[in-house]
1. Select from the range 78-99 the residues that are crowded, with 19+ Cβ neighbours inside 10 Å and of a type in the set (S, T, N, Q) and write down the one among them that is nearest to the ligand (Cβ to nearest atom).
2. Does Leu176 fit the bill of being within 14 Å of the ligand (Cβ to nearest atom), in a helix (DSSP H, G or I) and touching a helix residue (DSSP H, G or I) at 6+ places or on another chain (Cβ under 9 Å)?
3. Against the condition touching a strand residue (DSSP E or B) at 6+ places or on another chain (Cβ under 7 Å) and within 13 Å of the ligand (Cβ to nearest atom), how does Thr146 come out, does it pass?
4. Output the residues belonging to the range 100-123 that are surrounded by fewer than 24 Cβ atoms within 10 Å (Cβ to Cβ) and either aromatic (Phe, Trp, Tyr) or within 9 Å of the ligand (Cβ to nearest atom) (or both).
5. Just the residues that are away from the ligand (no atom under 16 Å from the Cβ) and touching a Gly at 6+ places or on another chain (Cβ under 7 Å), please, taken from the range 243-274.
6. List pairs: first residue in the range 101-128 and without any contact (Cβ under 8 Å) to a residue 40 or more places away in the chain, second residue polar (S, T, N, Q) anywhere in the structure, Cβ distance under 7 angstrom, at least six positions apart or on different chains.
7. Examine the range 194-209 for a residue that is under 28 Å from Leu17 (Cβ atoms), out of contact with any strand residue (DSSP E or B) (no Cβ under 9 Å at 6 or more places or on another chain), part of a loop (DSSP other than H, G, I, E, B) and more than 14 Å from the ligand (Cβ to nearest atom), and state whether such a residue exists.
Amino acid sequence: METWTISKLLNWVSQYLTEKGIDSPRLSAELLLSDVLKLKRIELYTQYNKTVEKQQLDKLRELVRRAGQHEPIAYLVGKTEFYSMEINVTPDCLIPRPETELLVQRAVEFLRTRDGIQRVCDLCTGSGCIAAAIAKNYPNARTIATDICDAALAVAASNVLKYQLQDKITLLSGDLFDPIIPQLDVGKFDLIVCNPPYVSGSEYEKLEKNIKDYEPRLALFAGEDGMDIYRRIIEEVDSFLKTDAALILEIGYAQGRAIKELLEQTGIFIEIKIEKDFNNNDRIVTAKKS
Ligand SMILES: C[S@@+](CC[C@H](N)C(=O)[O-])C[C@H]1O[C@@H](n2cnc3c(N)ncnc32)[C@H](O)[C@@H]1O
């Protein structure tokens, strides 16, 4: 019977995933193998010549087969990395994206300009990655995070528990601001952040298979022009923001101008800034209230 070492498996899996057109095949192979063998990625290399048992090989083979059909690696292993944290994910929530780390960075920078406990609202929290990363990096943040999908909120709850953030993050189920009653839950917020669904009808049809077939439509699609959720947030946001507060949104690459106009029309923001991501696409809007 053929002997399979970690080294041989890494090469075989990455070659198979390359042939199937999967992104980052070597990294994907490492993540799958680490998951099956319960080893850190670095340990795959320190135990390069270790032989892998049949039972583990069978498990790996099944995961590799699914990965070859473009099922996201993060769903297969149940976690992903975000802002140097390991975030649990399931197919009920969006897989946190590197672009969203810029939103967290701007949020933490804004909070660090202020003193004392800061009230934060994270709308459309999904896995809770934004709320968790803010809480880890700015301990004075007290965040209310909402999502309309209870199954996604269950994932957020697992991440809150994983990082022992129960005192810092409150999860509420419902449509945007609906579950938040300002006078009852908190005063107003110092900061509202949101990475909402923002994919338009035509973009949705063209999404890559690993996204369209596996990630929740509710987390992606936001009406024909992809702006439905922004319009609703911006219409309501004033009554939830303190006078010197900020709103930070993730946006689609072609939405910067339209969102700036919507924000300007409210007449409540003194400074509106649109920033590009590492691919040079518009990605983050920061709006500061007077
Ligand atoms: C793009 S995902 C973002 C998830 C997470 N914040 C992140 O950055 O990875 C959008 C999330 O919005 C939620 N959602 C969609 N419509 C909503 C609504 N009307 N009210 C609250 N949440 C909503 C979805 O369930 C999904 O979890």
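Values in this text are rule-based calculations from the coordinates and carry no lab data. Quick caveat: nothing in here was measured; it's all calculated off a predicted structure. FYI the Cβ positions are ideal-geometry reconstructions off the backbone, even for glycines, and counts take in every protein chain you see.
1. This residue is Thr80.
2. Numbers: within 14 Å of the ligand (Cβ to nearest atom): yes; in a helix (DSSP H, G or I): no; touching a helix residue (DSSP H, G or I) at 6+ places or on another chain (Cβ under 9 Å): yes.
So Leu176 fails the test.
3. Numbers: touching a strand residue (DSSP E or B) at 6+ places or on another chain (Cβ under 7 Å): yes; within 13 Å of the ligand (Cβ to nearest atom): yes.
When the stated conditions are applied, Thr146 passes them.
4. Within the range 100-123, the first condition is being surrounded by fewer than 24 Cβ atoms within 10 Å (Cβ to Cβ), and the residues that meet it are 100-102, 105-106, 108-119.
Of everything in the range 100-123, those that are surrounded by fewer than 24 Cβ atoms within 10 Å (Cβ to Cβ) and either aromatic (Phe, Trp, Tyr) or within 9 Å of the ligand (Cβ to nearest atom) (or both) turn out to be Thr100, Phe110.
5. Ile274 - this is the single residue of the range 243-274 that is away from the ligand (no atom under 16 Å from the Cβ) and touching a Gly at 6+ places or on another chain (Cβ under 7 Å).
6. That search, which allows pairs on different chains as well, returns Val108/Asn137; Gly116/Asn140; Ile117/Asn140.
7. The answer is yes, given that some residue of the range 194-209 is under 28 Å from Leu17 (Cβ atoms), out of contact with any strand residue (DSSP E or B) (no Cβ under 9 Å at 6 or more places or on another chain), part of a loop (DSSP other than H, G, I, E, B) and more than 14 Å from the ligand (Cβ to nearest atom).
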